[in-house]
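Below: one structure, written as structure tokens.
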Amino acid sequence: MIASARDRERTRQEINTYSRSLMLSTGVAELCATEATPKQEAFLHRVLSEEMARRDRNRKTRLLNRAGFPVLKSFCEYDFSGIRFPPALSREELLSCRFIAEKKNLVLYGGVGTGKTHMSLALGIMACEMSLRVRFYTVTELVLKLSDAYRSGTLERLVRDLKQLDLLILDEWGYVPIDREGSQLLFRVIADSYESKSLILTTNLEFSKWGGVFTDEQMAAAMIDRLVHHGHLLIFESKSYRMTHALMRHSAVTETPQGKETT
């Protein structure tokens, strides 16, 4: 099949786009226009297209590896029925990850085992698929990392790395009390993130109790102020998935010699 002049022009435009993305000279497309046959042009287009796709796959793999996800999760068969969404955020908007581009935060609040961490991981993985820079930490893990960096003199480098992220996920917020030094270091991360990137927090602790965890009511109030100003609160109201499906809750049923069932 002979390519039309319009098809060849479109192919050259795409070759030109690929060349810029691959940091090649735009003269590649000009050579196609003056010297290449239609078959040569089509072959070059395929080579550049496949190279672009390969680099895109490799970039996403690197982003996933750097994110530090403990496990990979998706929204396949995820149950949203027990989640109360705020009026300003629909399920569709959540799954579009538009909140990341808008530098808005999510606070996922609810009991243990209700799907908060699962949601945060699935959103983080979707963000990586969109070529966004993501990191996942438990709060305890991040505080220890910040404290070690502070003592070793590498805190500024760590803070700079965190600033470059598009999304920072902090799991198990408020599960373990944090000393004053750790609270101050964590507050710096929250303050630096304000209006510069998105945060996702998972917690089973209501706002009124944050002061007891972070040893300072004023600091806790300042954290809450920054998180909720550009943020959405999702409330997880379902029963614990792990408790509902735990093997220990399903005792084996046996039959006695008298024919009665016992557990």
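Tabulated values for the structure
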| item | result |
| --- | --- |
| Residue count, the stretch 174-226 (criterion: modelled with pLDDT of 95 or more and among the acidic types (Asp, Glu)) | 0 |
| Number of the condition not met by LEU146 [criteria: (1) outside any helix (DSSP H, G or I); (2) in contact with a helix residue (DSSP H, G or I) (Cβ under 6 Å, 6 or more places away or on another chain)] | (1) |
| Extreme residue, nearest to MET130 (Cα to Cα), among residues of the stretch 24-53 that are assigned to a helix (DSSP H, G or I) and among the small types (Gly, Ala, Ser) | ALA53 |
| Test set (1) outside the structural domain of LEU132 (by TED's automatic domain parsing); (2) surrounded by 12 or more Cβ atoms within 10 Å (Cβ to Cβ) - THR34 fails condition number | (2) |
| Residue, farthest from ASP225 (Cα to Cα), within the stretch 123-152, restricted to residues that are small (Gly, Ala, Ser) and touching a Leu at 6+ places or on another chain (Cβ under 9 Å) | SER131 |
| Whichever residue in the stretch 108-124 is under 13 Å from the mean Cα position of the chain (by Cα) and surrounded by fewer than 22 Cβ atoms within 10 Å (Cβ to Cβ) and, among such residues, is farthest from MET52 (Cα to Cα) | THR117 |
| Identity of the residue in the stretch 1-23, in contact with a helix residue (DSSP H, G or I) (Cβ under 8 Å, 6 or more places away or on another chain) and in a loop (DSSP other than H, G, I, E, B), that ends up farthest from ARG54 (Cα to Cα) | ILE2 |
| Candidate set: the stretch 170-198, residues that are assigned to a helix (DSSP H, G or I) and touching a Ser or Thr at 6+ places or on another chain (Cβ under 7 Å); chosen: the one surrounded by the fewest Cβ atoms within 10 Å (Cβ to Cβ) | ARG180 |
| Among residues of the stretch 90-142, those that are within 24 Å of GLU237 (Cβ to Cβ), in a loop (DSSP other than H, G, I, E, B) and among the acidic types (Asp, Glu), counted | 0 |
| When residues of the stretch 1-15 are limited to those that are more than 15 Å from THR37 (Cβ to Cβ) and modelled with pLDDT of 80 or more, the one farthest from the chain's Cα centre (by Cα) | ARG6 |
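The values are calculated or read from the model by the stated rules, or taken from the named source; none is laboratory data. All values reported here derive from a predicted model rather than from experimental measurement. When we count neighbours, we look across all protein chains shown, and the Cβ atoms used for this are built from the backbone with ideal geometry, even at glycine.
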